[in-house]
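In what follows, a single structure is set out as structure tokens and then discussed.
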Amino acid sequence: MIRILSVTSECAPLVKTGGLADVAGALPTALAPLGCEMRTVLPGYRAVMDQIGKGKVIAKIDDLFGGPARILAAQVAGLDLLVVDAPHLYDRTGGIYLDAEGHDWPDNAERFAALSYAAAYLAQHGAGAWQADLVHGHDWQAGLVPEYLSALGCQTPFVFTIHNIAFHGNVDAARLSALRLDPWRFTPDHFEFWGQISALKAGLMGADKITTVSQTYAEELLTPAFGMGMEGVLRHRKADLTGIVNGIDTAIWNPATDAAIKPFSTPKGKAANKKALRAEFGLPAADGPLCVLISRLTDQKGIDLLLQALPALLDRGGQLALLGSGDPALEVALLQRAATDDNIAVRIGYDEALSHRMIAGGDAILVPSRFEPCGLTQLYGLRYGTVPLVSLTGGLADTVINASPAARAVGVATGGQFYPVASDALSAALGRLCDLYARPKDWARLQRNAMQQPVGWDASAQDYHALYASLLNGAVR
Ligand code: ADP
């Protein structure tokens, strides 16, 4: 049995802004059959406190970065949670990272230092009778764990997973004492990064092993184009860096049993969902493929490239249904574009059930990201026979088999890829997609291949298990 303390700032189904939540929520279940017992340390945001009921107090910390805190054990949706109930840090109206105006909370450094400190405290003192064999932290919000483990004199190994290197959690050096960090460790060997305190760097330097969510992203991270300034640190830690691709929850994303859609188990069954989706989005009948896109709207996601490339789809009778929220300028640009063309429909917002209906009803799913550590929506697309068209980067490169002549000749293609990540290449790829769609036999083959591709957690759970076991080196109780 391996006991793992997972440390995360979001966890589905309780609280989610992106793929990190899905992964943190799925790992405990995926790892359980392999003999791993994972408990998840999560901030007690208001939404989380509302969902856990009373919980059981297993620890009290008198002063957790400015106020008292309790650690509550609770079970929700099959997850064993250790919730950090610290109202001065987490009980507020607004988002988990951003206030109501969309700005970072000014005390985010303390809020997630507190999460990391609580995790280190639990690793050192145990959660009741339960003692972790290792700590697994996710992204910069858990980056300071090794600093606090060291401060507490705790030897428990630490695995650090990068879900997105774009976020560093850097703050001014003047916060050293507020964050209760050891000033002697404010050096490039630990958490000093160009004169600032960097929680991400602390995690990268202090981890026994580093993983990221695809092999291609693990390689990309070593380059200036993708490392976002951390490429030097990552090159330094290269020997301990591996890529383990994300899976999806194949029970939630199961076209045969999905309660949000008209269930189906062959591509033919998508027709009724497509009809319903067109009706829901007010799209007319058309000859070309109905493409869907579900995403945070940020520069990363290449939405601007798609706006430029759209004529290549529309000229061939194709359509776009898009669901997303984020950057206000992108939201406006999309709504304006939709207002000028009947074959484009845009919903601004966050809607899980609608995302299921879109994946079920779409012919193709677009993921034109500039960088994409793993990406999940292309995996949903594969599972639902919704052909992914993706940029050739990160996890998108690792999970989709491009319909190249070679791949089609041996019948293994599952989607389309484009490179370089630019609007011209995307236009050309949309043209190729329309060509394939116009050949029903070829298209049906793509869909069948897509639906057969394994996208669950089985293989990746084994990789995590092997990584944990390698660190414990026979020391598992
Ligand atoms: P990222 O973590 O960068 O946002 P991923 O593709 O890894 O990208 O994960 C995004 C997750 O959030 C997916 O589960 C996706 O379906 C979901 N998602 C993103 N935007 C929306 C939205 N507007 N409505 C519903 N689900 C969304």
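Of everything in region 135-151, what is under 30 Å from Ala461 (Cα atoms) and surrounded by fewer than 23 Cβ atoms within 10 Å (Cβ to Cβ)? Give them in sequence order. Show your work before the answer.
At the first step, the residues of region 135-151 found to be under 30 Å from Ala461 (Cα atoms) are 135-150.
Ser150, the sole residue that qualifies.
What's the number of the only condition in (1) of a type outside the set (Lys, Arg); (2) on the phi > 0 side of the Ramachandran plot; (3) assigned to a strand (DSSP E or B) that Gly94 fails to meet?
Here Gly94 clears every test but (3).
Residues that are under 18 Å from the mean Cα position of the chain (by Cα) and among the β-branched types (Val, Ile, Thr), at least 1 per element: which helices (runs of 4 or more DSSP H) completely within region 210-290 meet that? Steps first, answer last, please.
Numbers: elements: 215-220, 224-227, 231-236, 270-281.
Correct list: 215-220.
Applying the selection to region 103-120, what residues are in contact with a helix residue (DSSP H, G or I) (Cβ under 8 Å, 6 or more places away or on another chain) and over 29 Å from Cys154 (Cα atoms)?
Trp105
Run Ala132 past the list (1) more than 21 Å from Lys209 (Cβ to Cβ); (2) part of a loop (DSSP other than H, G, I, E, B); (3) aliphatic (A, V, I, L, M) and report the number of the one that doesn't hold.
Among (1) more than 21 Å from Lys209 (Cβ to Cβ); (2) part of a loop (DSSP other than H, G, I, E, B); (3) aliphatic (A, V, I, L, M), the lone unmet condition for Ala132 is (1).
Which one is farthest from the ligand (Cβ to nearest atom) among residues in region 15-29 that are buried (at least 23 other Cβ atoms within 10 Å of the Cβ) and farther than 18 Å from Ser295 by Cα?
Leu27
(1) assigned to a helix (DSSP H, G or I); (2) touching a residue at least 60 places away in the same chain (Cβ under 8 Å): which one isn't true of Val421, the others all being true?
Unmet for Val421, out of (1) assigned to a helix (DSSP H, G or I); (2) touching a residue at least 60 places away in the same chain (Cβ under 8 Å): (1).
Tell me, please, whether a residue that is closer than 22 Å to Ala251 by Cβ, open to solvent by less than 10 Å² (accessible area, probe 1.4 Å) and either assigned to a loop (DSSP other than H, G, I, E, B) or assigned by TED's automatic domain parsing to the domain that holds Pro146 (or both) can be found in region 42-51.
Start the filter on region 42-51 by keeping residues that are closer than 22 Å to Ala251 by Cβ, which leaves 42, 51.
Checking the rest, the ones that are also open to solvent by less than 10 Å² (accessible area, probe 1.4 Å) come to 42.
Checking the rest, the ones that are also either assigned to a loop (DSSP other than H, G, I, E, B) or assigned by TED's automatic domain parsing to the domain that holds Pro146 (or both) come to 42.
Looking for residues that are closer than 22 Å to Ala251 by Cβ, open to solvent by less than 10 Å² (accessible area, probe 1.4 Å) and either assigned to a loop (DSSP other than H, G, I, E, B) or assigned by TED's automatic domain parsing to the domain that holds Pro146 (or both), one finds at least one in region 42-51, hence yes.
Among Ile359, Ile348, which is the only one that is in the same structural domain as Cys434 (by TED's automatic domain parsing), within 15 Å of the ligand (Cβ to nearest atom) and crowded, with 24+ Cβ neighbours inside 10 Å? It would help to see each step written out before you state the result.
Values: Ile348 fails: crowded, with 24+ Cβ neighbours inside 10 Å.
Sole residue among the options that is in the same structural domain as Cys434 (by TED's automatic domain parsing), within 15 Å of the ligand (Cβ to nearest atom) and crowded, with 24+ Cβ neighbours inside 10 Å: Ile359.
Can you confirm whether region 244-258 contains a residue that is open to solvent by 40 Å² or more (accessible area, probe 1.4 Å), within 27 Å of Asn108 (Cα to Cα) and either out of contact with any strand residue (DSSP E or B) (no Cβ under 7 Å at 6 or more places or on another chain) or of a type outside the set (A, V, I, L, M) (or both)?
Keep residues of region 244-258 that are open to solvent by 40 Å² or more (accessible area, probe 1.4 Å), which gives 245, 249-252, 256-257.
From the residues that got through so far, the ones that are within 27 Å of Asn108 (Cα to Cα) too are none.
No: region 244-258 contains no residue that is open to solvent by 40 Å² or more (accessible area, probe 1.4 Å), within 27 Å of Asn108 (Cα to Cα) and either out of contact with any strand residue (DSSP E or B) (no Cβ under 7 Å at 6 or more places or on another chain) or of a type outside the set (A, V, I, L, M) (or both).
Out of all the residues in region 306-331, which are farther than 27 Å from Ala271 by Cα, outside any strand (DSSP E or B) and within 16 Å of the ligand (Cβ to nearest atom)? Before the answer, list the steps.
Of the residues in region 306-331, the ones farther than 27 Å from Ala271 by Cα are 308, 325-331.
Checking the rest, the ones that are also outside any strand (DSSP E or B) come to 308, 327-331.
Selection gives Asp327, Pro328, Leu330, Glu331.
Tell me which of these Val455 doesn't satisfy, since it passes every other one: (1) assigned to a helix (DSSP H, G or I); (2) surrounded by fewer than 24 Cβ atoms within 10 Å (Cβ to Cβ).
Going through the list (1) assigned to a helix (DSSP H, G or I); (2) surrounded by fewer than 24 Cβ atoms within 10 Å (Cβ to Cβ), Val455 breaks only (1).
Scan Gly416, Gly431 and give me the residue that is more than 16 Å from the ligand (Cβ to nearest atom), within 21 Å of Pro311 (Cα to Cα) and part of a strand (DSSP E or B).
Working: Gly431 fails: part of a strand (DSSP E or B).
On inspection, the qualifying residue turns out to be Gly416.
Against the condition surrounded by fewer than 24 Cβ atoms within 10 Å (Cβ to Cβ), part of a strand (DSSP E or B) and either modelled with pLDDT of 95 or more or outside the structural domain of Arg70 (by TED's automatic domain parsing) (or both), how does Ala59 come out, does it pass? Don't jump to the end; show me each part of the working.
Numbers: surrounded by fewer than 24 Cβ atoms within 10 Å (Cβ to Cβ): yes; part of a strand (DSSP E or B): yes; either modelled with pLDDT of 95 or more or outside the structural domain of Arg70 (by TED's automatic domain parsing) (or both): yes.
It is true that Ala59 is surrounded by fewer than 24 Cβ atoms within 10 Å (Cβ to Cβ), part of a strand (DSSP E or B) and either modelled with pLDDT of 95 or more or outside the structural domain of Arg70 (by TED's automatic domain parsing) (or both).
Return yes when Gly381 is crowded, with 24+ Cβ neighbours inside 10 Å and not hydrophobic (A, V, I, L, M, F, W, C) and no when it is not. Steps first, answer last, please.
On the way: crowded, with 24+ Cβ neighbours inside 10 Å: yes; not hydrophobic (A, V, I, L, M, F, W, C): yes.
Criteria met by Gly381.
Mind listing just one residue for me: the one in region 362-382 that is within 12 Å of the ligand (Cβ to nearest atom) and in a helix (DSSP H, G or I) and, of those, farthest from Ala425 (Cα to Cα)?
The extreme case among them is Tyr380.
Which pairs have Cβ atoms under 6 Å, sit 6 or more apart or on different chains, and link a residue in region 168-193 that is under 16 Å from Gly66 (Cβ atoms) to one that is loosely packed, with under 13 Cβ neighbours inside 10 Å?
Close Cβ pairs (under 6 Å, with a partner that is loosely packed, with under 13 Cβ neighbours inside 10 Å) amount to Leu176/Pro183.
The values are calculated or read from the model by the stated rules, or taken from the named source; none is laboratory data. Note that the structure is a prediction, hence the values are computed from the model and not measured. Cβ: placed from backbone, ideal geometry, glycine included. Neighbour counts: every protein chain shown. Accessible surface is based on the protein model in full, side chains and every heavy atom, while ligands, DNA and RNA are left aside. Shrake-Rupley method; radii C 1.70, N 1.55, O 1.52, S 1.80 Å.
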